[in-house]
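Read through the structure below, which is laid out as structure tokens, and then see the notes.
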Amino acid sequence: MSELQKSIAVLYKSKGREELTEKEFVFSASMDLRWFSPKEAQKLMEAGLSGGFLERRNGSLVPTFDYSGVAVPVDYRPPKAALEEGAKRTTDLFTEIVERIVKTKSVPKREVVSRVNKEQEMLGIDIEPAALLVASSYGLQIELGYLQRAESAVLSRDIAR
């Protein structure tokens, strides 16, 4: 389990709730738990969204994994690296999808990337959904985890714009 997931689990367990607003999330990570500054707590939230560990639902943030069974020390304090985890994971999603296509369908990587770029340009969409469309066109089953990660990546970018 990643440090980002552990951080989210501890935060939600400490609040005793399954949904938090963005303000509650940031306030808990910065003021209640005293892990980060408010700006860094915001980065933690964004990392959780872009990494697919959090999703927005009806104006609240909800973990996408079962955090209730996550065991962490009482004095747990996430490392600063947890703030970057989600961004790395999102960046890797495109590569992960392309590699899966190349491996399972024995198609040259260059061809797959070219098709993804064409889909992206033609439809005016982000890279992750374009890669998922191309994977689907090759007959690959798209797992829910990929969809959630792609959605989180797109939504986190839209908010930043």
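When residues in the range 1-25 are screened for being of a type in the set (A, V, I, L, M) and farther than 20 Å from residue 74 by Cα, 1 of them pass.
Exactly one condition in (1) loosely packed, with under 13 Cβ neighbours inside 10 Å; (2) touching a Leu at 6+ places or on another chain (Cβ under 9 Å) is false for residue 58; which is it? If we test residue 58 against (1) loosely packed, with under 13 Cβ neighbours inside 10 Å; (2) touching a Leu at 6+ places or on another chain (Cβ under 9 Å), just (2) comes out false.
Out of all the residues in the range 55-65, is one or more part of a helix (DSSP H, G or I) and closer than 30 Å to residue 136 by Cβ? The answer is no, given that none of the residues of the range 55-65 is part of a helix (DSSP H, G or I) and closer than 30 Å to residue 136 by Cβ.
When residues in the range 131-161 are screened for being at pLDDT 85 or above and over 17 Å from the mean Cα position of the chain (by Cα), 9 of them pass.
Residues are listed down the side, and each one gets a yes or a no for (1) assigned to a helix (DSSP H, G or I); (2) within 15 Å of the chain's Cα centre (by Cα); (3) touching a residue at least 12 places away in the same chain (Cβ under 8 Å); (4) surrounded by fewer than 19 Cβ atoms within 10 Å (Cβ to Cβ):
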position	(1), (2), (3), (4)
1	no, yes, yes, yes
17	no, no, no, yes
25	yes, no, yes, no
29	yes, no, yes, no
36	no, no, yes, no
41	yes, no, yes, no
47	yes, yes, yes, no
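For residue 93, the conditions (1) part of a loop (DSSP other than H, G, I, E, B); (2) touching a Phe, Trp or Tyr at 6+ places or on another chain (Cβ under 8 Å); (3) at pLDDT below 90 are fulfilled apart from (1).
Within the set of pairs 6 or more residues apart or between chains, which connect a residue that is outside any helix (DSSP H, G or I) inside the range 128-151 to a residue that is surrounded by 16 or more Cβ atoms within 10 Å (Cβ to Cβ) with Cβ atoms less than 8 Å apart? Qualifying pairs under 8 Å: 138/101; 140/100; 140/101; 142/132; 142/135. In this structure, is residue 72 at pLDDT 85 or above, on the phi < 0 side of the Ramachandran plot, part of a loop (DSSP other than H, G, I, E, B) and aliphatic (A, V, I, L, M)? For residue 72, the condition - at pLDDT 85 or above, on the phi < 0 side of the Ramachandran plot, part of a loop (DSSP other than H, G, I, E, B) and aliphatic (A, V, I, L, M) - is met.
The values are calculated or read from the model by the stated rules, or taken from the named source; none is laboratory data. Because the structure is a prediction, the values reported are computed rather than measured. All Cβ positions, even for glycine, are placed from backbone atoms using ideal geometry, and neighbour counts span all protein chains on display.
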